[in-house]
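Taking it in order: structure first as structure tokens, then the write-up.
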Amino acid sequence: MEFLLDRAQGEFGRSVDRMLGGARTAEAVRAWAQGDHGPGRALWERLGGVGVTALAVPETYDGVGPLPVELAVAYVESGRHAVPGPLAETAAVAVLLAATAAPAARRWLPRIASGQALVTLAAADGGPYALDADAADAVFAVEGEELWLAPGHGPVQPSFDPARRLARPLSGGELLAGGPAVAEAAERAADWAAFATAAQSLGTGLALLERTVAYVKARRQFGRAVGSFQAVKHRLADVLIGLEFARPLLYGAAVALASGAASTRAEVAAAKVAAGEAGYAAARAALQLHGAIGYTDEFDLSLWIRRARALRSAWGTPSVCRARVLAG
């Protein structure tokens, strides 16, 4: 089966790329890592303005979705530009609230769709921590068959990526929904979170490859551009192949999410492990081929390198995803 984005989807991706390209995202990422959420929140509102935050929200709640293909297009671009914040978690909360039809859905989903509300989620598939709880307007938590609106969060914990700030939600708060339907909705929301994370991983890997190719073309050694050496060409070709193999898996998972296919969880897991590993391979190649400057915090490349490593394990480690693929 041949799968291609249509003209509108392609133009949507290009418009998100153009918008983020002029948004000075590297500065927003560094500010976010220091606990200054102002530039990142402004960026979030701009994403809301072009409809990105409405893609996982049903039309009933003032959204335009759920549209997983368009979400993948937008989130790949967010990964390419290293947009900070709980992007995957916000999409997952939208799916979770809509599926449970809790009264809180009417309260929160229109605000999520417009980009006015930034929310995060702690659930079993994502581990005990909520990403960027200190920046979120609301922290949702799934505990067994119960969905809670947490009253706050604990101390922010160190993370491999300083711009991905982790904190445990406090227990208690407002019980929003309960019963088997919550557990079922939480599983579907986790699939969306893993899918969105895969899209970000692919975008992160593409950005690392683009920056590394540009660098090895300009860097000279022994009177020649570093990129002219065969070993360097082969290393970057391997990175490109990994990223291009992950791309159809990502959009195949999008189609599965849209159709509600029985194989959705396995297809999302395949996309997640492929994109995560490809992004991580791009990070390792970028670090090696940039040499010593790749290690420095001052060099923007480090923002993408750290992001690739963190996304690889978020919402499903490689081993967990491979097990899901094998289970079918």
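None of the figures in this text is laboratory data; all of them are computed from the coordinates on show. All values derive from a computational prediction rather than experimental measurement. Ideal geometry is used to build each Cβ from the backbone, glycine not excepted, and the neighbour counts take in all protein chains shown.
Brief remarks follow.
- Model label sites at Val50 and Asp62, defined 7 Å from Cα along the beta-carbon direction, differ in position by 2.2 nm.
- Sequence-separation-based contact order of region 8-115, relative, with Cα cut under 8 Å and 6+ spacing, percent: 34 percent
- Within the set [x] 61, 52, 35; [y] 67, 46, 36; [z] 52, 46, 37, the number that Cα extents along the principal axes in Å takes when calculated for this structure is listed as [y].
- For region 228-327, the mean projected area of the C-alpha convex hull, equal to one quarter of the hull surface, is 7.3 nm².
- Residue by residue, region 13-18 carries 3J(HN,Hα) couplings of x, 5, 5, 5, 4, 5 Hz when phi is fed to the Karplus relation 6.51 cos²θ - 1.76 cosθ + 1.60 (θ = phi - 60°); x denotes Gly or Pro.
- Computed lengthening from Asp134 to Phe222, 0.36 nm per intervening residue step minus Cα-Cα distance: 26.7 nm
- Qualifying chymotrypsin sites (Phe, Trp or Tyr not before Pro) in region 96-196, where qualification requires a DSSP coil assignment and no more than 13 other C-beta atoms within 10 Å, comprise Phe160.
- Sum of side-chain charges, Leu236 neighbourhood, beta-carbon under 15 Å (Lys, Arg +1; Asp, Glu -1): +3
- Relative contact order computed over region 189-327 (Cα-Cα under 8 Å; 6+ residues apart), in percent: 36 percent
- Amide H to amide H distances under 5 Å link Ala122 with Phe140, Ala141, Val142, where only residues 5 or more positions off or on other chains count and H is placed in the peptide plane.
- Likely footprinting exposure, Ser78, Ser171, Ser114, fewest C-beta neighbours within 10 Å first: Ser171, Ser114, Ser78
- Distance between region 235-263 and region 90-166 - C-alpha centres, whole angstrom: 26 Å
- Taking GluC sites (Glu not before Pro) as exposed when their DSSP state is a loop state and no more than 13 other Cβ atoms lie within 10 Å, the longest site-free interval of the chain runs over 3-297.
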